[in-house]
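A.B. asks: The structure under discussion is supplied below as structure tokens; questions concerning it will follow.
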Amino acid sequence: MLKAILTTLAGAAISATLFVSSFAAGVDVNATSTGLALRGYDPVAYFTNGKPTPGDFQITAEYDGATYRFSSEENKAAFVADPEAFAPAYGGYCAFGTAMGFKFDGDPELWRIVDNKLYLNLAPGIQKRWEADRANLIVAADTNWTTIEDKTPAELQAQ
């Protein structure tokens, strides 16, 4: 079962030509090579607008070594006041992948807020599987994150 899941994850990553960051922000945040988190989407807007909203390149804040963009100064102020409340779980890596002990790119368009926490997933099929057992997978991911947070995706895949 685990091998099938990992094959699905790897296939989704390859077929969607998604990539994992080059870690300008550090290994605990999924960011682009320039350090942009959430591919430029506004993390606060998920909570206030209920949907992914592109941020403005002129309205930014730094957190955990990454740059976050915001669609308004109000959203930026809310984030700066409490970044932990709005930053995505697992640094924006795929929640399902984290539950399996790996770091895969999280797609800002594939998201869910659970218990006031933003979670991302890699691909629609992965999101569906995560939704089917969300509570257990969040527990597994929370546990795994404590040991994988400081490792690169390549280190985890080599194990």
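A.B. asks: Over the range 86-159, what relative contact order in percent results from Cα pairs under 8 Å that are six or more residues apart?
C.D. replies: 36 percent
A.B. asks: Identify all lysines with a Cα-Cα distance to LYS51 below 22 Å; exclude those on the same chain that are fewer than 8 residues away in sequence.
C.D. replies: LYS76, LYS117, LYS128
A.B. asks: Relative contact order for the range 37-91: what is it in percent, counting Cα pairs under 8 Å that are at least 6 residues apart?
C.D. replies: Reported relative contact order: 35 percent.
A.B. asks: Further question on the same structure: Among rounded, prolate and oblate, which fits the range 94-142 when a ≥ b ≥ c are the square roots of the eigenvalues of its C-alpha gyration tensor, a/c under 1.5 means rounded, and a/b larger than b/c means prolate?
C.D. replies: Because its axes are fairly even, with a/c under 1.5, the range 94-142 counts as rounded.
A.B. asks: Then there's this: For PHE96, what accessible surface area do you get with a 1.4 Å probe? Give it in Å², rounded to 10.
C.D. replies: Taking all protein chains as shown, PHE96 has close to 10 Å².
A.B. asks: Next question, about the same structure. log₁₀ I(q)/I(0) of the range 52-93 at q = 0.30, 0.34, 0.35 Å⁻¹, via Debye over equal Cα point scatterers, no solvent, to two decimals?
C.D. replies: At q = 0.30, 0.34, 0.35 Å⁻¹ the computed log10 ratios are -1.22, -1.36, -1.37.
A.B. asks: Evaluate the distance, in nm, between pseudo-label points positioned 7 Å from the Cα of GLU149 and of PHE57 along their respective Cα→Cβ axes.
C.D. replies: 3.3 nm
A.B. asks: A follow-up question, please. Along the Cα→Cβ direction, 7 angstrom out, place labels at GLU73 and VAL139. What is the inter-label distance in nm?
C.D. replies: Inter-label distance under the simple model: 4.6 nm.
A.B. asks: While we're looking at this one, here's another question. Could you tell me whether the range 75-115 comes out rounded, prolate or oblate from its Cα gyration tensor? Rule is a ≥ b ≥ c as square roots of the eigenvalues, rounded for a/c under 1.5, then prolate if a/b exceeds b/c, otherwise oblate.
C.D. replies: It comes out prolate by the Cα gyration axes.
A.B. asks: Here is a further query. Setting aside same-chain residues fewer than 8 positions from LYS151, which lysines have a Cα under 20 Å from its Cα?
C.D. replies: LYS103
A.B. asks: Per 0.36 nm of contour for each residue apart, how much would the distance between VAL80 and ASP64 grow if the chain were fully extended, relative to their Cα-Cα spacing?
C.D. replies: 4.6 nm
The values are calculated or read from the model by the stated rules, or taken from the named source; none is laboratory data. Predicted model only: the values in this text are computed from it and were never measured. Every residue, glycine as well, gets a Cβ built from its backbone with ideal geometry; the counts of neighbours run over all protein chains shown. These accessible areas exclude ligands, DNA and RNA; they are computed on the full protein's heavy atoms, side chains included. Shrake-Rupley method; radii C 1.70, N 1.55, O 1.52, S 1.80 Å.
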